[in-house]
């Protein structure tokens with residue numbers, strides 16, 4: 001038992017000497033060093049926040065618009081185009097779009113009816129109503145082939161539909 005007590009005392013003394021040596025040798029942080037680290041971290045966080053990627057919502061809205069136009073074209077090519085009145089199309093009203101037949105006898109699924117881009121009514125959408133024939137070619141309401149059609153999102157992002165092929169880009 002004495003041996004254990006001596007060992008513990010020796011161990012405690014060793015720890016005290018090391019702690020005293022650390023404190024007396026000036027190892028540690030001063031208040032100025034601590035403040036400098038906080039300032040540097042603040043500057044780094046501000047520079048990261050400023051350079052954070054932007055425009056992801058714009059890209060997502062553009063992707064949704066392209067997908068909806070392609071879906072209208074797909075519907076026209078697979079749902080039996082018989083006349084211009086039965087053509088499937090993409091209609092823009094305000095900031096909303098709808099995928100349906102020109103004569104409104106059939107509409108796409110609910111997620112393509114009176115929908116805002118990204119479900120955000122603040123995202124502006126402008127462009128013409130466009131229909132597609134059975135070959136996927138863009139046509140107007142009377143069945144006449146259309147030239148290039150352009151849709152604009154938020155005043156600067158454009159999506160075009162090519163004539164003859166209906167390619168959406």
Quiz item: At each listed q (0.14, 0.15, 0.21 Å⁻¹), what is the log10 of I(q)/I(0) that the Debye formula gives for segment 62-126 modelled as equal alpha-carbon point scatterers?
Solution: -0.38, -0.43, -0.79
Practice problem: Between residue 47 and residue 126, with labels modelled 7 Å along Cα→Cβ, what's the label distance in nm to one decimal, could you check? | Solution: 4.1
Quiz item: Between residue 35 and residue 95, what is the FRET efficiency for a Förster distance of 45 Å, r being their Cβ-Cβ separation, to the nearest 0.05?
Solution: 0.35
Quiz prompt | Listed candidates [x] 1.10; [y] 2.19; [z] 1.19 - label of the one calculated as Cα Rg over 2.2 N^0.38 Å | solution = [y]
Quiz prompt | Cβ-based exposure ranking for 101, 9, in which fewest neighbours within 10 Å come first | solution = 9, 101
Practice problem: Extending each Cα 7 Å along its Cβ direction at residue 154 and residue 107, get the distance between those two points in nm, one decimal. | Solution: 2.8
Self-check item: Whole-Å distance, taken between Cα centres, linking segment 154-169 and segment 59-128
Solution: 14
Quiz item: Which value, to two decimals, describes the C-alpha radius of gyration of segment 88-167 once divided by 2.2 N^0.38 Å?
Solution: 1.08
Exercise. Kindly rank 117-128, 89-100 from highest to lowest mean number of other beta carbons found within 10 Å of each residue.
Key: 89-100, 117-128
Quiz item: Is it possible to state the helix-based mean residue ellipticity at 222 nm for the chain, with each DSSP H run of 4+ residues giving -39500 (n - 2.57), the sum divided by total residues, to the nearest 500 deg cm²/dmol? What is it?
Solution: -13500 deg cm²/dmol
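Quick note: the coordinates plus some simple rules give every number you see, no bench work behind them. Since the model is a prediction, treat every value here as computed from it, not as a measurement. We place every Cβ from the backbone using ideal geometry, glycine too, and count neighbours over all the protein chains shown.
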